[in-house]
Each structure stands twice: as structure tokens, then as C-alpha cells.
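Just so you know, all these numbers are worked out from the coordinates, no wet-lab data involved. Note that the coordinates shown come from a computational prediction; the quantities given were computed from them, not determined experimentally. Positions of Cβ are generated from backbone atoms using ideal geometry, with glycine treated the same way; all protein chains shown enter the neighbour counts.
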Amino acid sequence: MTKRAAACFFVIAILAQAAPALAQDAVAEFYKGKTVTILVGSTAGGGYDTYARIISRYMGKHTPGNPSVIVSNMPGAGSNLAANYIYNVAPKDGTFIGALYGGAPLEPLIGKTPVKHDPSKTQYLGSANNDVYLCVARKDAAVQTFEDVFTKELLVGATNSSSTSDFPAVLNATLGTKFKLVLGYPGSREISLAIDKQEVYAACGLAWPSVSVTNPGWFGPNGTMQALVQTHVKGHPDLNREGVPNAMSFAKTDEQRQALELFFSQEVFGRPYVVAPEVPADRVMALQKSFLETLADPELLADARRANLEVDPVSGPEVQALIAKAYAAPKDIVARLKHVLETAY
């Protein structure tokens, strides 16, 4: 058991003690016979969708009243379309949950996409994983190492205003790499297909726990792809052992390091699940508790192991605190990073 998982189980216990029986009865009465929709801000078949669907299979039994839980997809604008819908349009009663890209909560802070949601007011159920993002490239590409990208151009497939476009753009502007973005792909599944067809030769901003599962033929001795660089403050233990370099080690100044640390912070809440600000507090607390219990469910964990999915949940209160910390970052670093993302592509 990881330290984070142990901490999450502790949070479950605290939440269980904090919720009075009467409130739980009211929550159960509300959810009984209802359907809860998890709205995924990406296309079907990708990593975010895969996590949402496995969670949907078990969350109902851990939620008071045992509602049915279904999944729907609303891709677009780096999952900000889904975030806008949850914040402004969907019922505010706890029957709609947004499963968003990790970058969506930071979009109003450092992004350039006009949004109609306020992440500082959004309520967080937690994150399904503490993701490690990376850049990958075909083994037959002209670029064979991350150092090569500083001198050779590399075509990367990307979805507009998402991790797949923002991560290579930030690396270009902050470190001086030469990723050339090919924009317009709807999601990671389409980018993967484009790489397989050699329309592009690489991708950045992909989560290792999901891309290693959704593209099983990519990696390993007989795979077509290789990991170029990790874009995370600490990196993934497996990738660290394999010697995959970390972008943080290429930062030459304090400003570069601070900018990368702020930008990479979104990976800790890499798969955030959210509800609207107006959802009643007792239902939010119940959903936070059921979210963590779902991700600790032995049946879910067994399914995750069979699918090679990593489960390393982050609690709702912890995600809420991380969002607050990001929005309190030094203004000059925020402004510099925001300028990069507004002008890089």
C-alpha cells in the first residue's frame, strides 16, 4: 500500500465519522432510484474514459441509496466544455460528476481558452490517480533522445488546449526544445492512430499509467515507441529505474524550475472528479467518501490489475488544497507561464 493510498483510507475514516447518520439517511433517500452521470471531458476509448468506466461499475454500491452510475462523453477545449457544462448547465444536485483533464482546473489561471467555470469554487471529489506525463516518440523517428529535440524538429500530434498541446508548448518555450505541434486531433485515441499511421511521430502530455495500457504494442523490446522524457516533478518509479530522463533536470534557472513545477502540479490531480459549487455539502461529503471507497474496492483493484491500470487516488480535500495553492503562486511566474501558453501555438 502506498503512503498516498494509506492517507486516503484515513480520509475515508474521517469522512465516515464526520457524516451524521441523519444526513446519510437523507443522502441515501435522495440517490435511491436515481442515475448519476459521469461526464468525461474526452473522447471514448482513451485513458480518462477508461478510468471513468471502471469507476462507474463500482461507485453505485458505495454511494448512499445505491444509484445507477453511467458514463457519457463531452470532448472539447481540453475538457473545458465538460467543465463548463457541469458548472453552468448540469443539475446542481449531485447527479452529474465531471471527469476532467488535469489541466482544466488551471485553465483560468494559466491557459488561454475562454472558460465559463471557476475552479476555485468547483467542489472536488478527488482524483483517480497521481499521474506522470511524458513525451513518447516512434523508434524510427529522426529524434532518438530528448537531447535530440533541442536540435531536431519532431512532429507531435495534439488536441487543442489540452495536455497534448500544452506540455510540448511549455517545453519549447521554457527549455528551448523543437517540438512541432500538429493540432486538431479530438483526443488521445486519435493521436495514437495518427502515430501508428506515421502522420506524426510523437506525442507529449500523455499519462504513463494509461498510455502504457491503451497502447500495449507501443512499448517493450518489440514495441514501436520509446519514452523520451518525463514531465513531472519527481517522475514515475518504473520510468526512473529505466533511466528515462526528467524534464526538470534540464532546467537551467530558478525561473525555469518554478515555471515547470507550477505547470507540472496539475499531474498530482491528474484525473479530477468534480461537481458544481451548488451541490449540497452532505451530498458532496458522501460522494467524496464513496469515490475513495470505490477506488479501494477489492473488485475494482482486481479489475485494474488485470487491465494494468494504476490506482493511486488523491482525496477531494487534498485536491481542493492543491488547487488553492496553485492559485496562490507568485504572480510573475503565473504571468510568464500564461504568456507562454497564450503565444506558443
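Pairs of Cα atoms nearer than 8 Å and 6+ residues apart set the relative contact order; for the range 133-265 it is 31 percent.
Amide H to amide H, with H built 1.01 Å from N, Leu228 comes under 5 Å of Cys135, Val136, Ala137, counting only residues 5 or more places away or on other chains. Normalised by 2.2 N^0.38 Å, with N the number of residues, the alpha-carbon radius of gyration of the range 133-265 equals 0.96.
Compared with the alpha-carbon gap, the fully stretched path from Ser72 to Lys331 is longer by 89.5 nm at 0.36 nm per residue.
Each of the peptides 215-226, 151-162, 41-52 was scored by the mean count of other Cβ atoms within 10 Å over its residues; in descending order, highest first, they stand as 41-52, 151-162, 215-226. When DSSP beta bridges are restricted to pairs lying wholly in the range 133-265, around 60% turn out antiparallel. Magnitude of the charge dipole for the range 133-265, about its Cα centre and with charges confined to Cβ atoms of Lys, Arg (+1) and Asp, Glu (-1), is about 100 debye. Extension gain for the segment Glu29 to Asn88, taken as residue separation times 0.36 nm less the Cα-Cα distance, is 18.7 nm to one decimal. Computed extension length for Arg305-Ser249: 17.0 nm, one decimal, from 0.36 nm per residue of separation with the Cα-Cα distance subtracted.
Helical content of the chain, expressed as a calculated mean residue ellipticity at 222 nm, amounts to -13000 deg cm²/dmol (DSSP H runs of 4 or more residues, -39,500 (n - 2.57) each, divided by residue number, nearest 500).
Counted by Cβ distance under 10 Å from Gly103, the other residues give a net charge of -3, where Lys and Arg count +1 and Asp and Glu count -1. When DSSP beta bridges are restricted to pairs lying wholly in the chain, around 55% turn out antiparallel.
Taken about its Cα centre, the range 237-295 carries a charge dipole of about 60 debye when Lys and Arg each add +1 at the Cβ and Asp and Glu each add -1 at the Cβ.
Calculated from the structure, percent of Cα pairs over 30 Å apart equals which of (1) 33; (2) 45; (3) 40? Computed from the coordinates, percent of Cα pairs over 30 Å apart corresponds to (1).
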